1. Please pick out the residue among Ser60, Ser100 that is assigned to a helix (DSSP H, G or I) and polar (S, T, N, Q).
2. Working only within the range 2-47, note down all residues that are open to solvent by less than 80 Å² (accessible area, probe 1.4 Å), without any contact (Cβ under 8 Å) to a residue 40 or more places away in the chain, in a loop (DSSP other than H, G, I, E, B) and under 27 Å from Arg99 (Cα atoms).
3. Taking the condition of being open to solvent by 80 Å² or more (accessible area, probe 1.4 Å), in contact (Cβ under 8 Å) with a residue 24 or more places away in the chain and under 16 Å from Ile19 (Cα atoms), how many residues in the range 66-97 meet it?
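The values are calculated or read from the model by the stated rules, or taken from the named source; none is laboratory data. Because the structure is predicted, anything quoted here is derived from the model rather than measured. With ideal geometry, Cβ positions are generated from the backbone for all residues, glycine too; neighbour counts draw on all protein chains shown. The accessibility values were calculated without ligands, DNA or RNA, using every heavy atom of the protein model including side chains. Shrake-Rupley method; radii C 1.70, N 1.55, O 1.52, S 1.80 Å.
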Amino acid sequence: SRFETCWPALMKDSHGVIIIFNPELPSHLKEIEMWYSCFVQQQPLLDSQCLLVAHHKPGSAGDTENLTLAYPLNKLKLIHSNLEEDPEDVRMEFIKYFRSIITIINESRDREEMSIIS
């Protein structure tokens, strides 16, 4: 990808990664493995700091809702977004995800402060 030179700058000090993909494109299913490897595993971030979003375009085939991803992607939180049908559901999932990231940040900050004190 022509943006790979920018990746280190994008990753620096990041606390979470959201990967949005089209579940109907087989090429996307291969690509998310690469994104996960580069942006989550190599950082390294916890799996709980990564959110997968399978985005369904309006009028798209609905049977990809039963999407099963291979290891290691199957360990990640996966949500389906279909903004026509259920935008509120997606909004709630994002809020939950952001809350979990804030919790992780606060916990690591507390650990750092404790290690400085002790």
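1. Residue meeting the stated conditions: Ser100.
2. Hits for the range 2-47 are Ser14, Asn22, Gln43, Leu45.
3. 2
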